[in-house]
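The values are calculated or read from the model by the stated rules, or taken from the named source; none is laboratory data. Note that the structure is a prediction, hence the values are computed from the model and not measured. With ideal geometry, Cβ positions are generated from the backbone for all residues, glycine too; neighbour counts draw on all protein chains shown. What goes into the accessible areas is simple: the full protein's heavy atoms, side chains included, and nothing from ligands, DNA or RNA. Shrake-Rupley method; radii C 1.70, N 1.55, O 1.52, S 1.80 Å.
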Amino acid sequence: MNRSTSPGPATAGRPGGCPLAPESAVPLAGERFRADPAVLYRDLRNEHGPVVPVLLIGDLPAWLVLGYRELHHVTSDPALFSRDARLWNQWEAVPPDWPLLPMIGRGDEQSIYWSVGEAHRRHAVMVNDALESVDPFELRRHAETLADELIDRFCGRGRADLVSQYAMQLPVLVLARIFGFPDSEGHPLMQAMNALADGGADANAAQQRFAAAIARLVAAKRERPGADVASRMLAHPGFTDTEYVYDLMALTAAGHLPTADWIGNSLRLMLT
């Protein structure tokens, strides 16, 4: 989505001077979206091509990029398609409790996810240094142990929802361990992360729980560092605790969501 340009012709009539959406804009919410989003995306490609005018929750207009070539163009041109959320022209129409706000941000958050230019490079150096020190054998051991624990919970029943009971849990539980969380915090963190990503009515409350858990981790590791990602990030001076929190939140979301999708799709292929 190009946040710096209008998602449709600029016309009068929307509060705050925000443009109206094209008549062909498709709502990215409702029963059709929840029931089978894959079918919806296929229909959108057939009807609109690689770039689709859509309506986010609250009838906020945006562009949805579906084509691989177009997506590559958007994500490789930071000058035209900036990650700076402050450039979005719809902020006047966004309510403070908007469910998608945790996933879009207002652009005021200084983190690797939302920053651009030199600020982004500064965060990237710190994050890359912390992640490069992760032992791949330790990572695999955690993944196998936690996978076995999740499977043990349903293997005796003869049936399971492998997305909600496995794929949407395993990545964030593994990340919690390598970031330095005690195991007691893993499942609450997983629940908050998934509620935030769903963009439902409790998304903002989930983000607050998520941020509070990360803030507790940062405070604990500042008091007693360990051999974990959070401690290695804190070893890089020049960042505020708020910046560490936002970066760890971004790493959790970036590490969990695509991995959960990959696991879910792999299981589907295996079973069908």
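Could you please find all residues in region 203-215 being open to solvent by 20 Å² or more (accessible area, probe 1.4 Å) and touching a residue at least 12 places away in the same chain (Cβ under 8 Å)?
Narrowing region 203-215 to residues open to solvent by 20 Å² or more (accessible area, probe 1.4 Å): 204-205, 207-209, 211-212, 215.
Selection gives N204, Q207, R209, A211, A215.
Given the criteria within 30 Å of L28 (Cα to Cα), assigned to a helix (DSSP H, G or I) and open to solvent by 30 Å² or more (accessible area, probe 1.4 Å), does P188 qualify? Quick ask: steps written out before the conclusion?
Details: within 30 Å of L28 (Cα to Cα): yes; assigned to a helix (DSSP H, G or I): yes; open to solvent by 30 Å² or more (accessible area, probe 1.4 Å): yes.
So P188 fits the description; yes.
Could we say that A254 is closer than 26 Å to R121 by Cα, small (G, A, S) and either without any contact (Cβ under 8 Å) to a residue 12 or more places away in the chain or surrounded by fewer than 21 Cβ atoms within 10 Å (Cβ to Cβ) (or both) here? Break it down into steps so the answer makes sense when it comes.
Working: closer than 26 Å to R121 by Cα: yes; small (G, A, S): yes; either without any contact (Cβ under 8 Å) to a residue 12 or more places away in the chain or surrounded by fewer than 21 Cβ atoms within 10 Å (Cβ to Cβ) (or both): yes.
The answer is yes for A254.
Could you please give the count of residues in region 187-212 that are of a type in the set (S, T, N, Q) and in contact with a Ser or Thr (Cβ under 9 Å, 6 or more places away or on another chain)?
We begin by selecting, within region 187-212, every residue of a type in the set (S, T, N, Q); these are 191, 194, 204, 207-208.
Then drop every residue that is not in contact with a Ser or Thr (Cβ under 9 Å, 6 or more places away or on another chain), which leaves 194.
Number of matching residues: 1.
Considering only region 37-111, give the helices (runs of 4 or more DSSP H) lying wholly within it that have at least 1 residues that are at pLDDT 90 or above. Steps first, please.
Details: elements: 37-48, 68-75, 101-104.
Filter on region 37-111 gives 37-48, 68-75.
One residue is enough: does region 176-193 have a residue meeting the conditions closer than 24 Å to A124 by Cβ and polar (S, T, N, Q)? Lay out the reasoning, then the answer.
Restricting attention to region 176-193, the residues satisfying the condition of being closer than 24 Å to A124 by Cβ are 176-181, 189, 193.
If we keep only those that are polar (S, T, N, Q) too, we end up with none.
No; the residues of region 176-193 include none that is closer than 24 Å to A124 by Cβ and polar (S, T, N, Q).
Going through S4, S24 one at a time, which residue ends up being in a loop (DSSP other than H, G, I, E, B), at pLDDT below 80 and open to solvent by 30 Å² or more (accessible area, probe 1.4 Å)? Steps first, please.
Details: S24 fails: at pLDDT below 80.
Going through S4, S24 in turn, just one is in a loop (DSSP other than H, G, I, E, B), at pLDDT below 80 and open to solvent by 30 Å² or more (accessible area, probe 1.4 Å): S4.
Looking only at region 224-234, count every residue that is modelled with pLDDT under 95 and assigned to a helix (DSSP H, G or I) and tell me the total.
0
Does R159 count as of a type outside the set (F, W, Y), surrounded by fewer than 17 Cβ atoms within 10 Å (Cβ to Cβ) and either touching a Pro at 6+ places or on another chain (Cβ under 6 Å) or in a helix (DSSP H, G or I) (or both)? Walk me through how you get there before you give the answer.
Numbers: of a type outside the set (F, W, Y): yes; surrounded by fewer than 17 Cβ atoms within 10 Å (Cβ to Cβ): yes; either touching a Pro at 6+ places or on another chain (Cβ under 6 Å) or in a helix (DSSP H, G or I) (or both): no.
No: the conditions fail for R159.
For (1) of a type in the set (F, W, Y); (2) closer than 30 Å to P237 by Cα; (3) open to solvent by 60 Å² or more (accessible area, probe 1.4 Å); (4) touching a helix residue (DSSP H, G or I) at 6+ places or on another chain (Cβ under 9 Å), each residue gets a yes or a no:
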{"residue": "S133", "(1), (2), (3), (4)": "no, yes, yes, yes"}
{"residue": "F137", "(1), (2), (3), (4)": "yes, yes, yes, no"}
{"residue": "R141", "(1), (2), (3), (4)": "no, no, yes, no"}
{"residue": "Q165", "(1), (2), (3), (4)": "no, no, no, yes"}
{"residue": "V174", "(1), (2), (3), (4)": "no, yes, no, yes"}
{"residue": "G180", "(1), (2), (3), (4)": "no, yes, no, yes"}
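For residues in region 191-201 being part of a loop (DSSP other than H, G, I, E, B) and either out of contact with any Leu (no Cβ under 9 Å at 6 or more places or on another chain) or aliphatic (A, V, I, L, M) (or both), which is modelled with the highest pLDDT? Give the derivation first.
Step one: of region 191-201, the residues part of a loop (DSSP other than H, G, I, E, B) are 199-201.
This time we only want the ones that are either out of contact with any Leu (no Cβ under 9 Å at 6 or more places or on another chain) or aliphatic (A, V, I, L, M) (or both), so: 200-201.
On the way: G200: 76, A201: 79.
The qualifying residue modelled with the highest pLDDT is A201.
Within region 112-143, take every residue that is of a type in the set (D, E) and in a helix (DSSP H, G or I) and give me the one that is farthest from D241 (Cα to Cα). So that I can check it myself, show each step before the final result.
Step one: list which residues in region 112-143 are of a type in the set (D, E), which gives 118, 129, 132, 135, 138.
Adding the requirement that they be in a helix (DSSP H, G or I) leaves 118, 129, 132, 138.
Details: E118: 19, D129: 18, E132: 21, E138: 27 Å.
Ranking the candidates gives E138 first.
So which of L60, L80 is surrounded by fewer than 17 Cβ atoms within 10 Å (Cβ to Cβ) and over 24 Å from Y244 (Cα atoms)? Outline the logic, then answer.
On the way: L60 fails: surrounded by fewer than 17 Cβ atoms within 10 Å (Cβ to Cβ).
Checking each option against the conditions leaves just L80.
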